[in-house]
Amino acid sequence: MKSKIAGTGYYVPEEVVTNFDLEKIIDTSDAWIQERTGIKERRFAKKGEETTSTMGAAAARMAIHNAGIETEEVDFIIMATLSPDYYFPGAGVLVQRELGLQKKEVGALDIRTQCTGFIYALSVADQFIRGGMYKNILVIGSEMHSMGMDMTTRGRGISVIFGDGAGAVVLQAVGDEEKSGILSSNLHANGDFAEELAMVSPGSHAGYHEKNPAKYGAEGASVYDSVFITPEVVENGLYFPYMNGQLVFKNAVIKFTQTINEALAKTGKTKEDIDMLIPHQANLRISQFIQKRMGLRDDQVWNNIQRYGNTTAASIPIALAEAVQNEAIQRGDLVCLSAFGSGFTWGSVLLNY
Ligand code: COA
C-alpha cells in the first residue's frame, strides 16, 4: 500500500486587500512590500461570516469533488492551522461538522506546526495509509491570519506579509503498481528558535521562558490566578505575532534547500528530475533564492504569493491545487513540496502526482 493525492482543492476569500489599501492604514508602501516580499495583494476573510474551518471545509469540498469520491468515503481528517476558530477544541472537528462527517464520527486530528503544518499533516496521513488504517484521508491547511494581526504601523513587519485562505487534498490508498504516490517525507524542528516567530499569548507560560512574569502580569501570581489573558497582555499587544524577519530569512534559505536535497537523495532523484517545486509561499525572495541555489528553471517552481501573501499552512495546498487546475502539473509528474517556518520547523514531501 502507498498513498496518492487523489484530488486537490482550495478556497480564498473574495475580499482582495492590495498593498495600496494597506498604505491607507499603515505607514508602509507598495514599493517596500513588493521589493522585500514580492507580495502585491492578499485576501482577508469576512469576519463573522467566514472562519478558518469554513474556509477549510470549502477547500475540502473541492478536493473531494476532484478526487471523484463521496464525502462519506472520507475516513479521517487532518487539519493544520495556527489560526483556529477556537483555542480548543481544534478546528478539525469543526471542519468535520461543516462537511456533515460528524454523522460518521470520523476522527479529526489537529496539527500545530505552522508554516510546515501541511507537510507534517501529509506525512502523518501517508503513515496512516501505509499502515492500512484508512483509505481516504482529508488533509487540510487553512488560515485566517486577519483574525488577529496588528494592523497598525507597530505591526507592519508582519501584517503586510500574511493573508487568509485554505487548501486541501484527498490522500488515498493505492496499490504499489500505481504510478502516483508519495515517495518520501522528511520532518524537522529546532525548538531553540521557538520565540523567533511566535504568538506567545494567550498561553500558560506566564513569562516563564523570558524569565519575566511581570511583563505578562503574572508576577506573584498564586496557583488560583488566571494568567491566560491579563491586562498587561492586552495593553502591551502581547497577543500579536512576533517575527525576527532577518533570522527567519537566513535560516529558511538554508533549511529549505537542505530538505529538498534530502528528499532527492533518499529517493535517488536529482534536481533535474523535479517537474514542479512548490515551496511554502513564505516570501518570493526566499523562493527565488532557493530556485537559484538549486539551479531550477522558472517553469519548475510555482509561486503565487504575489496574489495571496503568506497563508502559512494553507500556502502549499493552495499552490498545489492552483498548479493542478492550470495544468502545470500532470499525473505522474515528480512534485516536491517543501516548507520552513515557526518552531522552527521544516520539511519536505516528494511525490509522483
Ligand atoms: N513597510 C515599510 N517599512 C517597513 C515595513 C513595512 N511593512 N516593515 C518594516 N519596515 C521598516 C523597518 O521598520 C526598518 O526600518 P528602520 O531601518 O528605519 O528601522 C526597515 O524597514 C528594515 O526592517 P527589517 O525588518 O530589517 O527589514 P527586512 O529587510 O529584514 O525585511 C522582512 C523584513 C520581514 C520582509 C524580511 O526580513 C523577511 O522577508 N523575512 C522572512 C520572513 C518570512 O518569510 N516569514 C515567513 C516565514 S514562514
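Just so it is clear, none of the values below were taken in a lab; they were calculated from the coordinates. In this text, all values refer to a predicted model and were calculated from it rather than measured experimentally. FYI the Cβ positions are ideal-geometry reconstructions off the backbone, even for glycines, and counts take in every protein chain you see.
The translational diffusion coefficient of the chain, from Stokes-Einstein at 20 °C and 1.002 mPa s with a Kirkwood hydrodynamic radius over alpha carbon pairs, comes to 104 µm²/s.
Straight-distance candidates among the aspartates and glutamates for linking to LYS47, with alpha-carbon spacing under 19 Å and chain neighbours fewer than 8 residues away dropped: GLU14, GLU15, ASP21, ASP85, GLU98, GLU143, ASP150, ASP164.
Computed log10 I(q)/I(0) for the stretch 160-255 at 0.20, 0.23 Å⁻¹: -1.07, -1.20, from the Debye equation with unit scatterers placed on every C-alpha and solvent omitted. Given the pairs LYS135/LYS179; LYS211/LYS255; LYS4/LYS179; LYS4/LYS135, which span a C-alpha to C-alpha distance of over 19 angstrom in this model? Too far apart for the 19 Å limit: LYS211/LYS255. Of LEU247, LEU82, LEU197, the residue with the greatest mean-square motion in the GNM of the chain, using alpha carbon springs below 10 Å, is LEU247.
Please get the size of the charge dipole for the chain, origin at its Cα centre, with Cβ charges of +1 on Lys and Arg and -1 on Asp and Glu, quoted in debye to the nearest 20.
Working: 32 positive and 42 negative charges, 134 e Å.
Value, rounded to 20: 640 debye.
By the compact-protein rule of thumb, 2.2 N^0.38 Å, the alpha-carbon radius of gyration of the stretch 2-174 corresponds to a ratio of 1.11.
What ranking, highest mean first, results for peptides 277-289, 216-228, 125-137, 142-154 when packing means the other Cβ atoms within 10 Å averaged over each residue?
Working: 277-289: 23.2, 216-228: 13.1, 125-137: 18.5, 142-154: 20.2.
My ranking of the peptides, most packed first, is 277-289, 142-154, 125-137, 216-228.
When the dipole is taken about the Cα centre of the stretch 247-353, and only Lys, Arg (+1) and Asp, Glu (-1) are charged at their Cβ, what size is it in debye, to the nearest 20?
Working: 11 positive and 9 negative charges, 90 e Å.
Here the stretch 247-353 has a charge dipole of around 440 debye.
If you place +1 on the Cβ of every Lys and Arg, -1 on the Cβ of every Asp and Glu, and leave all else neutral, what size is the dipole of the stretch 9-91 about its Cα centre, to the nearest 20 Debye? Show your work: numbers first, answer last.
Working: 8 positive and 15 negative charges, 44 e Å.
For this selection, approximately 200 debye.
Note on the chain: helix-only mean residue ellipticity at 222 nm, from DSSP H runs of 4+ residues weighted -39500 (n - 2.57) and normalised by residue number, equals -9000 deg cm²/dmol.
For the stretch 284-353, the Kirkwood hydrodynamic radius comes to 13.0 Å, computed from all pairs of different C-alpha atoms. So what does the Cα-only Debye profile of the stretch 131-194 read at q = 0.14, 0.17, 0.23, 0.28 Å⁻¹, as log10 I(q)/I(0), no solvent term? Each listed q maps to, in turn, -0.74, -0.88, -1.07, -1.18.
Shown here for the stretch 1-91: trypsin sites (Lys or Arg not before Pro) in loop regions (DSSP other than H, G, I, E, B) with at most 11 other Cβ atoms within 10 Å, namely LYS24, LYS47. Taking the longest Cα principal axis of the chain as reference, the axis of helix 117-130 is set at about 40 degrees. Principal-axis analysis of the Cα atoms of the chain puts helix 245-267 at an angle of about 20° to the longest axis.
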